[in-house]
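Novice: First the structure, which I've put down as structure tokens, then a few questions once you've had a look.
What follows draws every value from the coordinates through simple rules; no lab data is involved. Keep in mind it's a predicted model, so treat the numbers as computed, not measured. When we count neighbours, we look across all protein chains shown, and the Cβ atoms used for this are built from the backbone with ideal geometry, even at glycine.
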Amino acid sequence: MQEFTLRADDTGTIELVCERNDEEAPAPRVRSFAGDDEFGLLVDDLTPGEQVLLFVTDTASEKLR
């Protein structure tokens, strides 16, 4: 697992966009969670081991490791 620092844009938003290779696959189910100091997204119904592309704006991300 890699670690990244993301910065919110001028509106206070972080947009994460993923793209699947299998355009014929049914839409996955997306869930979210939020706690005191963390939040996240979970994506269900992908094929086990499936890889997806994650897109973030270059100016909003900084690789730490």
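Novice: Tally up the residues in the stretch 1-25 that are touching a residue at least 40 places away in the same chain (Cβ under 8 Å) and not in a strand (DSSP E or B), please.
Specialist: Of the residues in that region, 8 qualify.
Novice: For G12, indicate whether it is small (G, A, S) and within 17 Å of V56 (Cβ to Cβ). Please lay out each step first, then the result.
Specialist: Numbers: small (G, A, S): yes; within 17 Å of V56 (Cβ to Cβ): yes.
Here the answer is yes, as G12 does meet what is asked.
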